1. Run the numbers for M247 and E225: contour at 0.36 nm per residue of separation, minus the present Cα-Cα distance, in nm.
2. What FRET efficiency would be calculated for the residue pair E195, A20, taking the C-beta separation as r and a Förster radius of 35 Å, to the nearest 0.05?
3. I need the per residue convex hull volume for the stretch 76-168, using only the alpha carbons, in cubic angstrom as a whole number.
4. Rolling a 1.4 angstrom probe over the protein heavy atoms, how many square angstrom per residue are accessible across the chain?
5. Obtain the nm distance between the two label points defined at E96 and Q78 by a simple spin-label model: each point lies 7 Å from its Cα along the Cα-to-C-beta direction.
6. How much accessible surface area, in Å² rounded to 10, belongs to the heavy atoms of M113 with a 1.4 Å probe?
7. For the chain, give the percent of accessible area contributed by carbon and sulfur heavy atoms, probe 1.4 Å, rounded to a whole number.
8. In the chain, what is the count of Lys pairs whose alpha carbons are under 24 Å apart, counting only pairs at least 8 residues apart or on separate chains?
Amino acid sequence: ALVAKVQAQQQEEKFDAALAGARNIQALYPDQVMGYLLEGELGLRRKDYAPALVAYQTAYAKTPNSEMALRLANAQWQAGERNPALATLRQWFTSEPKDARARLALAVYLQEMQQRIEAIAEYERLAEQAPDNAVVLNNLAWLYFEGNDQRALRYAERAHDRAPDRADVADTLGWILVQRGETLRGLELLQKAVEQDPKQISIRYHLAVAYAKAGRKDAARQELEKLVSGPDPFPEREDARKLLESMRN
């Protein structure tokens, strides 16, 4: 009941009351982690990172398991403490080296930090543990593609075989095919990916490029105009602008 009350106060944005409730649970149940988790969640929601990190560190110290390690690493990551987040997960592997969920989090963090070689090593290790995990196969395919590794297409095909309804998986395979000159099949996959997740702007950019390569200039132009004039940032915005300009000329 106390936990439910604090959670309701968070939802109602009664943050001071929620914090007081979380700390009351800590005092009443000092050997349990729930009060600290509640305080940590509240701190992350308010972007008040210092007390959130202390709360998660306390929870991890009291109950050093996979869930607490992941929560602490996530809090560190959100607070901008990238290397400490990596260190938390690596320290956890000293006791649980086969924790696939934590290793996937580490691989994703490394990928976002552009540490490609380290990320690939972690994904390859995961692919041995879980050869049917579509997320692992897909992310590994993308990293191989970025490094011009010929294994990219094989892994993208494997990922798509296992998760044909995932937009990110269809996007990876479709984009690799388009870049290899297999435009029509790639275009079909990218159209499917956009239908599955129309809010992913990078996928729509890939579709626009595929339209252009397939000779469907009007469709490419229309898609690019929407992307370039839209308010949302995306990594390929400058490439989209240049492509649109070249098509207009």
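The values are calculated or read from the model by the stated rules, or taken from the named source; none is laboratory data. Model, not experiment: these values are computed from the prediction. Note that each Cβ is placed from the backbone with ideal geometry, even for glycine, and that neighbours are counted across all protein chains shown. Quick note on the areas: whole protein, heavy atoms, side chains included, nothing else; ligands and nucleic acids left out. Shrake-Rupley method; radii C 1.70, N 1.55, O 1.52, S 1.80 Å.
1. Computed gain between M247 and E225 is 6.8 nm.
2. FRET efficiency, E195 to A20: 0.15.
3. Enclosed volume per residue, from the Cα hull, is 95 Å³.
4. Roughly 53 Å² per residue, with all protein chains present.
5. Between E96 and Q78, the label points sit 2.0 nm apart.
6. Estimated to the nearest 10 Å², M113 gives 50 Å².
7. The computed percentage sits at 48.
8. 18
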